[in-house]
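**Q** Here it is: the structure, laid out below.
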Amino acid sequence: MPSAAYDLQYLEAGLAVIEQYLLSPEVYWPIGINAPRGEMAYPQLTLGGLLLAVQRLHASARQPSQQSSLRNASIELDAARQRWPVAWGRKASTEFPLRLNLWRDFLEDYRRKPSTNADRYAYEVSRRVQLQLLQPEADVLQGSYTTLLTSLDRLLKVSLIQGNFIWDPILSPVFPVGTYWYLYGRLKN
């Protein structure tokens, strides 16, 4: 999992362009920053990415300076949500089906070849988490999207071996099993 420094840098870079991003038709926005040494390259900016970074930071920001930065960034993010509510909701509504399709594609790959795809689950499940975070932010979601998500969850439940939290244990308090049940287990091979 990314470090708190990684998530903070992504969040702060996203906030620096949040107005342009929200008011644009683009779902994926170039972030233009380098990741901290030893960490994976940053993905493009998305609303789901920002929400996931904030969620992780609530557990991983341990140093007082990180906690202060998170508080300030959270205030800025909430201000953007309130200042451009229509653009925010539209952006979430546009990103949701894109994430849903990526999640569906992974589960289809897994269903076809479990032995070659099960080990990708810990990474790929971040798409399901982002769907969870985006859903209440979306202004309108077609019923077909929520129906598809429900059917994908049913497929996942029969393929998931319940177990321990699959990400860094420090994150488990902000991803409780009742809501994020799919983070507590692994796929059958």
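What follows is calculated from the coordinates using simple rules that are stated; it is not laboratory data. Predicted, not measured: the structure shown is a model, and the values here were computed from it. Cβ coordinates were reconstructed from backbone atoms using ideal geometry, including for glycine residues, and neighbour counts include every protein chain displayed.
**Q** Assigning unit charges at the beta carbon (Lys, Arg +1; Asp, Glu -1) and nothing else, what dipole magnitude in debye, to the nearest 20, does the chain show about its Cα centre?
**A** Dipole size: approximately 580 debye.
**Q** With a cut-off of at most 15 other beta carbons within 10 Å, and DSSP calling the residue loop, which chymotrypsin sites (Phe, Trp or Tyr not before Pro) in segment 25-121 qualify? Please list them.
**A** Counting only loop positions with at most 15 other Cβ atoms within 10 Å, the chymotrypsin sites (Phe, Trp or Tyr not before Pro) in segment 25-121 are Tyr28.
**Q** Another one. Taking R0 as 22 Å, what FRET efficiency do you get between Arg37 and Met1 from their Cβ-Cβ distance, rounded to the nearest 0.05?
**A** 0.85
**Q** Follow-up question, since we're still on this one. Expressed as an acute angle from 0 to 90° and rounded to the nearest 10, what is the orientation of the C-alpha long axis of helix 4-16 relative to the principal long axis of the chain?
**A** 60 degrees
**Q** Among all the aspartates and glutamates, which ones have a C-alpha under 13 Å from Lys188's C-alpha, if same-chain residues fewer than 8 places away are not counted?
**A** Straight-line reach from Lys188, under 13 Å: Asp119.
**Q** What FRET efficiency would be calculated for the residue pair Ser151, Val174, taking the C-beta separation as r and a Förster radius of 30 Å, to the nearest 0.05?
**A** 0.65
**Q** Only helical DSSP H runs with n ≥ 4 go in: add -39500 (n - 2.57) per run for the chain, normalise by residue count and round the 222 nm mean residue ellipticity to 500 deg cm²/dmol.
**A** Roughly -20000 deg cm²/dmol at 222 nm, from the helical runs in the chain.
**Q** Give the distance, in whole Å, between the Cα centre of segment 1-53 and the Cα centre of segment 134-153.
**A** Between the Cα centres of segment 1-53 and segment 134-153 lies a distance of 24 Å.
**Q** Is segment 86-182 rounded, prolate or oblate when judged by the Cα gyration tensor, a ≥ b ≥ c being the square roots of its eigenvalues, rounded requiring a/c under 1.5 and prolate requiring a/b larger than b/c?
**A** It comes out oblate by the Cα gyration axes.
**Q** By a straight-distance test (C-alpha under 18 Å), which aspartates and glutamates pair with Lys91 as possible cross-link partners, with residues fewer than eight away in the same chain excluded?
**A** Within reach: Glu19, Glu26, Glu76, Asp78, Glu137, Asp139.
**Q** Here's a follow-up. ³J(HN,Hα) across segment 57-63 via Karplus (A = 6.51, B = -1.76, C = 1.60, θ = phi - 60°), whole Hz, x for Gly/Pro?
**A** Once rounded to whole Hz, the list reads 5, 4, 9, 9, 6, 9, 6.
**Q** With all pairs of different alpha carbon atoms counted, what Kirkwood hydrodynamic radius in Å does segment 40-93 show?
**A** Taking the inverse mean of 1/r over all distinct Cα pairs, segment 40-93 comes out at 12.3 Å.
**Q** Which whole-number percent is the relative contact order of the chain (Cα, under 8 Å, 6+ apart)?
**A** In percent, rounded to a whole number, it is 24.
**Q** Here are labelled values, (i) 16.7, 47; (ii) 16.6, 54; (iii) 16.6, 50, and one is the computed Rg and Dmax of the Cα atoms in Å for what I pasted. Which one?
**A** This structure yields the entry labelled (i).
**Q** Enumerate by residue number the trypsin sites (Lys or Arg not before Pro) in segment 21-110 meeting two conditions: DSSP loop (anything except H, G, I, E, B), and at most 15 other Cβ atoms within 10 Å of the site's Cβ.
**A** Arg37, Arg62
**Q** For segment 157-189, which trypsin sites (Lys or Arg not before Pro) pass both filters: DSSP loop (anything but H, G, I, E, B) and at most 15 other C-beta atoms within 10 Å?
**A** Passing both the DSSP loop test and the Cβ count: Lys188.
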